[in-house]
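One structure is given here, and the rest of the page talks about it.
The values are calculated or read from the model by the stated rules, or taken from the named source; none is laboratory data. Just so it is clear, the model here is predicted, and its values are computed rather than measured. Heads up, the Cβs are rebuilt from the backbone with ideal geometry, glycines too, and the neighbour counts pull from every protein chain shown. For accessibility, only protein heavy atoms count, side chains too; no ligands or nucleic acids. Shrake-Rupley method; radii C 1.70, N 1.55, O 1.52, S 1.80 Å.
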Amino acid sequence: MPRKRFALSLFWRTFILLGLLLIAGIVAWVQTFRALEFEPRSVQAAQQIASLVNLTRAGLRYADSINRVTLIKTLSDQESLVLKPREPTDQWEAFEVSRFSRAIGEELRSRLGPNTVVAGSVNGVPGLWVGFQIERDAYWLQADTRRIEPMTGRTWFVWVGIAMVATLLGSAVIARLINQPLKELSFAASRIREGEYDSVLDESMITREIREVNQGFNRMARELAKVEEDRAVMLAGISHDLRTPLARMRLEAEMSVVDEEAKRNMAADIDQLDAIIDKFMDYARPGEVELVPVHLSSVVDKAISQFRDTKRIRITAKLPIDTRVMADETELSRVLTNLFENARRYGRNTYTGVTNVEVNYTRSGSWVVLSVRDHGPGVAVEKLAQLTTPFFRGDAARTAATGAGLGLAIVEKALQRMGGGFELANAQGGGLVAHIKLKRAA
């Protein structure tokens, strides 16, 4: 069997593509914003620091010694500024270690003069230290680094995370809105496949293409319902019209044919035609069935009771009496009858000429698998898949058989109507085995 490929539903495919597109857009906008925000933020930070330095320089220049102490204390308390004399022995480290800090340093020197010193720490005390002079006196001004800090990684993470969560939720809503009409169309198509033609899709959708698809689907459903109704009426008429002359032929054969053997042959031919008509009617039966809990052993026993001729077929069943399945009793009986009849015709033992059939069952989760096996010659492996095709015969020698070639096709179709499954295989040791899968009743 070919390896099953991983498949996504249309909803998840749309959701993933929309999500990736929007997330890529968010990342691109974040990078663009950071690039555009970099220069204005560095200039603004440098302007603020330069203004503080200029104000401090002006205040110190025009204040006497008493007011100068008061000014320094006020700056420290209200503006978080530290003003200290700059000593030749001070040890300081450069502030300009990144692109952002270098931009601030260049802007400060352009506003305060080329001899301005910008340090990241002085005597082991970190901060933004700006060295300036008032006449011959040198000072350090320490500013709060929060004035110049760019947006932290945590802030970026929070805002980008919120944007991505909103994007994914929006993608899910959009994908659902896009795929909802297609989901409804898929559901309606599956109901038509099961023989239900009463599905009606909304023809007033705002989206023009979806509206046209729904209108076309509804027209198709109406046409199929009409075709199905006409077919049922036609087949019922054919059945009635054919059985009337067949009944007359049987009566005429009984009354006018003297030769007993010829009479028997004619009666057999008429019975065969009547059976073929029944097969056609079974295959063309409408798809609506009502599933109810059915005792499996009871239905099997009734089907076995129709095959009492032990010289042609012998059926043994090993089923518990308490096993129940969800099925239509009439349909299930028809399934078993067709399987037993198929085994009687084609599963005869080569030496005895008698068909031995075994009926067993197994449970698989919420399913019951009924196995019907004969001990005949079996079927070529390449023809197994074709046995349920209408009018197909697995053996060229069977063209003279009395059946219509619909038995296994009727079985498969009936099980599909009941929500079950059907599989044919060659049994180990010879013979053909049919597996019937039905839902177990609670």
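Results, tabulated for the structure shown:
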read-out: Selection count, the range 209-230, where residues are more than 16 Å from Arg191 (Cβ to Cβ), over 26 Å from the mean Cα position of the chain (by Cα) and of a type in the set (Gly, Ala, Ser); value: 0
read-out: All positions within the range 302-333 that are closer than 18 Å to Ser371 by Cα and open to solvent by 90 Å² or more (accessible area, probe 1.4 Å); value: Lys302, Arg314, Lys318, Ile321, Asp322
read-out: Enumerated strands (runs of 3 or more DSSP E) restricted to the range 307-418, each holding at least 1 residues that are farther than 17 Å from Leu432 by Cα and at pLDDT 85 or above; value: 324-327, 355-364, 367-374
read-out: When residues of the range 334-364 are limited to those that are of a type in the set (Gly, Ala, Ser) and surrounded by fewer than 18 Cβ atoms within 10 Å (Cβ to Cβ), the one nearest to the chain's Cα centre (by Cα); value: Ser364
read-out: Qualifying positions in the range 96-126 - of a type in the set (Gly, Ala, Ser) and surrounded by fewer than 16 Cβ atoms within 10 Å (Cβ to Cβ); value: Ser98, Ser110, Gly113, Gly124
read-out: Leu169 being open to solvent by 60 Å² or more (accessible area, probe 1.4 Å) and modelled with pLDDT of 75 or more; value: yes
read-out: Single condition Val53 does not satisfy, out of (1) modelled with pLDDT under 75; (2) farther than 30 Å from Val158 by Cβ; (3) of a type in the set (A, V, I, L, M, F, W, C); (4) part of a helix (DSSP H, G or I); value: (1)
read-out: Condition met for Ser256 (loosely packed, with under 12 Cβ neighbours inside 10 Å and either among the basic types (Lys, Arg) or at pLDDT below 75 (or both)); value: yes
read-out: Members of the range 73-95 that are at pLDDT below 80 and either open to solvent by less than 50 Å² (accessible area, probe 1.4 Å) or in contact with a helix residue (DSSP H, G or I) (Cβ under 8 Å, 6 or more places away or on another chain) (or both); value: Leu75, Glu79, Leu81, Val82, Leu83
read-out: Set Arg222, Arg193, Arg211: member being open to solvent by 80 Å² or more (accessible area, probe 1.4 Å) and at pLDDT 80 or above; value: Arg222
read-out: Subset of the range 417-442 [open to solvent by 80 Å² or more (accessible area, probe 1.4 Å), closer than 14 Å to Pro377 by Cα and of a type in the set (Gly, Ala, Ser)]; value: Gly429
read-out: Any hit, the range 8-20, residues being open to solvent by 70 Å² or more (accessible area, probe 1.4 Å) and at pLDDT below 70; value: yes
